[in-house]
1. Give me the distance between the Cα centres of segment 1-28 and segment 68-136, rounded to whole Å.
2. Calculate, for Lys216 and Arg240, the FRET efficiency according to 1/(1 + (r/R0)^6) with r their C-beta to C-beta distance and R0 30 Å; round to the nearest 0.05.
3. I need the calculated FRET efficiency for the pair Gln116 and Lys334, taking r as the beta carbon distance and R₀ as 51 Å, to the nearest 0.05.
4. Return the long-range amide H neighbours of Gly76 (sequence gap of 5 or more, or a different chain), with a cut-off of under 5 Å between placed amide H atoms.
5. At 0.36 nm per residue, minus the direct Cα-Cα distance, what do Gln199 and Glu304 gain on full extension? Give it in nm, one decimal, please.
6. For the pairs Lys3/Lys216; Lys69/Lys334; Lys2/Lys334, flag any whose C-alpha to C-alpha distance is greater than 22 Å.
7. So what is the accessible area of segment 145-257 per residue, in Å², with the probe set to 1.4 Å?
8. Averaged per residue, what accessible surface does segment 19-134 expose to a 1.4 Å probe, in Å²?
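The values are calculated or read from the model by the stated rules, or taken from the named source; none is laboratory data. Here the structure is a predicted model, which means the values were calculated and not measured. Heads up, the Cβs are rebuilt from the backbone with ideal geometry, glycines too, and the neighbour counts pull from every protein chain shown. Quick note on the areas: whole protein, heavy atoms, side chains included, nothing else; ligands and nucleic acids left out. Shrake-Rupley method; radii C 1.70, N 1.55, O 1.52, S 1.80 Å.
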Amino acid sequence: MKKIGFLSFGHWTPHPDSQTRSARDVLHQSIDLAVAAEEIGADGAYFRVHHYARQLASPFPLLAAIGAKTSKIEIGTGVIDMRYENPLYMAEDAGAADLISDGRLQLGVSRGSPEQVVDGYKYFGYDAPEGMTMADVARNNTETFLQVIDGARFAEPNPRPMFPNPHPGALGIEPQSAGLRDRIWWGAGSNATAVWAAQAGMNLMSSTLKADESGKPFHIQQREQIDAFRDAWKEAGHEREARVSVSRSIFALTSDEDYRYFGFDRDTDDQIGTIGGDPIGRAIFGRSFAAEPEALIEQLRGDEAIEAADTLLLTVPNQLGVAYNTHVIESIIKHVAPALGWR
């Protein structure tokens with residue numbers, strides 16, 4: 001069995017062909033899609049976080065709203081850019097959203113992706129101290145976040161507090177949500193950061209791109225990343241079993257609408273490129289899949305990374321609307337997943 005969810009970038013644009021023409025549209029439709037995905041048996045609703053763009057940016061109001069409207073589906077991010085976050089304030093938001101959803105939050109965090117603006121984190125009030133990079137800041141913020149959601153008590157109490165303290169000694173962030181620490185994922189762009197995530201006790205979230213570290217096909221490099229993560233996890237001696245997710249763009253052609261949108265883009269391959277001034281440098285981008293279900297089954301059977309992961313996130317074209325995206329997800333669950341042993 002494999003968990004199958006969706007990943008939405010939450011785009012909107014005031015174009016007549018878009019069904020998400022405003023931030024209001026995309027937020028309401030994100031909630032509706034999560035509800036619909038739960039009803040058809042999907043396991044997860046995940047959302048991209050991207051600042052300074054017409055995409056979803058502040059995840060916790062959305063995650064809390066979805067948590068209140070659903071009862072079973074996992075709710076997460078892919079990923080929160082930790083260069084932009086105050087880890088203590090984020091811990092409060094995450095604890096509250098997790099309690100509203102009764103412990104279904106699955107938060108993907110990372111160093112973040114290339115930005116719409118130059119050094120955008122500075123406008124949020126953050127910068128790297130001398131001798132550090134913003135990648136260092138992101139990892140430090142993540143470590144602090146992990147400690148405080150795990151119940152660290154560090155703040156000296158006021159001897160004359162407004163309200164009685166619940167216990168003697170230092171205080172920590174409230175609210176606390178039991179088990180949230182085990183449901184944090186690191187979005188790794190390289191094998192080394194996957195190993196770091198394992199050492200820190202985070203699950204692994206691997207996207208549709210990574211550093212090109214060997215010249216091998218994308219799915220093989222991603223499988224090697226997963227293997228490195230699991231080896232490091234075992235060596236670290238963590239008691240629980242780690243989770244691993246991979247993302248893919250997969251479209252089963254089962255209707256005239258499917259052929260109209262994706263039927264002319266079937267023979268795609270991995271792509272090599274660079275990501276601006278990103279330290280990842282040369283990157284490999286995984287291919288998209290669009291074919292009739294029988295062909296998809298054979299193509300996906302050879303994807304080593306999907307085979308190795310316990311969770312598959314389907315990237316969805318959110319601007320095509322809730323009904324069509326529900327159809328996209330349901331087509332994979334009904335027509336592809338059973339033949340591959342995912343259901």
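1. 20
2. E between Lys216 and Arg240, to the nearest 0.05, is 0.50.
3. 0.85
4. Distant-sequence amide H within range of Gly76: Ala45, Tyr46, Phe47, Gln106.
5. Taking 0.36 nm per residue and subtracting the Cα distance, the gain is 35.5 nm.
6. Those over the limit are Lys3/Lys216; Lys69/Lys334.
7. Value returned for segment 145-257: 50 Å² of accessible area per residue.
8. 44
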